[in-house]
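Structure first, commentary second.
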C-alpha cells in the first residue's frame, strides 16, 4: 500500500480491520462485514505503526499472551525474530525505543500467522541491517506459510521485491491497484542529452523529468519497444526500466485518468476512485 | 466465551498489576493501622484500652484504600488493553467480556484477601495490640459474608467506574471524560439531596436493610457503570 503521508493508508487498514468505523461504502472480508465479526477478525493482525501497549506489560508478557489470540501462532517464529532483533523480553513496553517497538510489532505480526496480516510502516526506527532482518523474515514466513500480507511503506524500492501487488492511494481514494511487475513495465527511463531524449520520446507522455547539467532523465509512460532500444543504441542513449518508486512518484504528479497500469488487470479499480473494497484470501 | 478468554489472559498478563497489588494495598493498610495503634499504645499502653478499641471499629481504611488504585486499573485496562486487543483481532464485545471477567477475578481476590485479613485479625486478637483493620463496622463488624461482599462489590464498582472513564476517554476524548465526571458528580449531588429531603424514609430503609442498603446501592452503581462502559466500548475506535 503506497502513497504520500496522509492519503489514508492507515485509515484504510483500520477500516478493513474494524478498528475504526466506515461512514459510507462497503467493506467485505471473506464476504462479510468485518466489524465485530469474531471469526473474521480472528484471522487478522494489525499492529498500528504507533501501537500503544499496556505500559505495565513487558515484552515477554506481551509475547506470552498473544498466542492465545491466534490458533496458528508460531512460537518458533516469535523466538527467532525476537532473537534476531535482540528484543529485551524483560523491558516494559513504555521503555522500548522506536525501533524496538517496530521489532515487537513485526514479531507479533509474523508469528501470528494471521490470514490477513497488516504491516503499517513496520520499518520505523529500524536501521538498514534491522530492516534487512525484517525483509528476510517476512519472505521466509511468506514462503513457508503463504497468506495475505498488506504492507504500507514509503521505502518503495527497498520493499518492491517483496510486493506482488501495489495499491496506490491518493487523497483518500484508490488511485491505482496494479500488479507490481506491470507497474514496472508501465514506464521506462531514458537518460542522455535533452535533444536526443526528446527525439526518442517523441509525442509520448513524459511523467517526470530530471536534469543534471545537459543530461536529462525522463520517465516515459509505456513500454520501450525494440525500435526504441535500437534507436537508443544508435544515439548512445540509456534506456532503463523505471523503478516502482519512480512510477509512484510520477503518479503523485500526474492524475491517472486514462493510462492506468491496472488497465489490463480485468477490472477497473485503476480507473475509478472507489469507496468499496473487498478482501478475500 | 472462547474469544473472550484471550482478553482475560491479556488482563491477567501482569498479575502483579491486576491481582497482587490490590492485595499488597490491603496488607499496607493493615500495617499502617497496626503502626498507628502501636503509636497510640505509647500513650495508653498495649494492648490499647477497650474505649479506644471500640472507637477503632470505625476505621474505614479497608474501604478507602481500595478505589484509587482499582479505578486506575479499570481505566488503563479498558484504554490501553483495548488497542492491543483489537490489534490482535478481538472484537470489542469479547474484549469487554474478557476484561470484565478479569475485574471479577480481581474483586473476588480482594474479597478473599479481606476474609483472610479478618481471620488473621481475630486469630491474633486484633494483631496482639487491639488494632482493627478488617473487624470494623464499615465491613460489617466481623460478619464474614458482609466483609467479603462489601470488599468485592466496592472493588467491582471501582473497576467498572474506571472502565467507564477509560472507555469514554478512548471513544470520545478528554472533553467528554470531563463531562462524564461532572455529570456523575451532579448525579451524586442530586442523590445526596434526595436522601436529605427524604431522610425519614431513608432512616426506615436503613432500619429494614441495615448495612446491606449501601451495598445494594454500590452493586446497582457497579452494574450501571458496567453497562455504560459496555455501550461506550462498542463505539470506541483505535
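The values are calculated or read from the model by the stated rules, or taken from the named source; none is laboratory data. What you see is a predicted model, and the numbers here were worked out from it, not measured in a lab. Neighbour counts are summed over all protein chains in view; Cβ atoms, including those assigned to glycine, are modelled from backbone coordinates with ideal geometry.
Can you pull out every residue in the range A:60-88 that is within 14 Å of another protein chain (Cβ to nearest Cβ), more than 24 Å from residue A:144 (Cβ to Cβ) and in contact (Cβ under 8 Å) with a residue 12 or more places away in the chain?
A:60
Output the residues belonging to the range B:13-32 that are surrounded by fewer than 22 Cβ atoms within 10 Å (Cβ to Cβ), without any contact (Cβ under 8 Å) to a residue 12 or more places away in the chain and within 11 Å of chain A (Cβ to nearest Cβ).
Scanning the range B:13-32 gives B:14, B:15, B:16.
Consider residue B:68 against the criteria (1) surrounded by 24 or more Cβ atoms within 10 Å (Cβ to Cβ); (2) under 21 Å from the mean Cα position of the chain (by Cα): it satisfies all of them except one. Which criterion is unmet?
So residue B:68 meets the others, but not (1).
Quick one: which of B:86, B:10, B:5, B:46 is under 18 Å from residue A:62 (Cβ atoms) and surrounded by fewer than 17 Cβ atoms within 10 Å (Cβ to Cβ)?
After ruling out the rest, the residue left standing is B:5.
Out of B:153, B:182, I need the residue that is surrounded by fewer than 24 Cβ atoms within 10 Å (Cβ to Cβ), assigned to a helix (DSSP H, G or I) and under 18 Å from the mean Cα position of the chain (by Cα). Which one?
When all the criteria are applied, what remains is B:153.
Among (1) part of a helix (DSSP H, G or I); (2) more than 18 Å from the chain's Cα centre (by Cα), which single condition is residue B:89 missing?
(1)
Among the strands (runs of 3 or more DSSP E) contained in the range A:161-207, which hold 1 or more residues that are modelled with pLDDT under 85 and under 30 Å from residue A:134 (Cβ atoms)?
Answer list for the range A:161-207: A:165-170, A:173-179.
List the number of the failed condition for residue B:141; all other conditions in (1) more than 14 Å from chain A (Cβ to nearest Cβ); (2) outside any helix (DSSP H, G or I); (3) closer than 30 Å to residue A:13 by Cα hold.
(3)
List pairs: first in the range A:30-57 and facing chain B (nearest Cβ under 7 Å) and surrounded by fewer than 15 Cβ atoms within 10 Å (Cβ to Cβ), second at pLDDT below 95 and assigned to a helix (DSSP H, G or I), Cβ under 6 Å, 6+ apart or cross-chain?
A:55/A:94
Kindly evaluate residue B:80 against the criterion of being within 13 Å of another protein chain (Cβ to nearest Cβ), part of a helix (DSSP H, G or I) and farther than 17 Å from residue B:165 by Cα.
In short, no.
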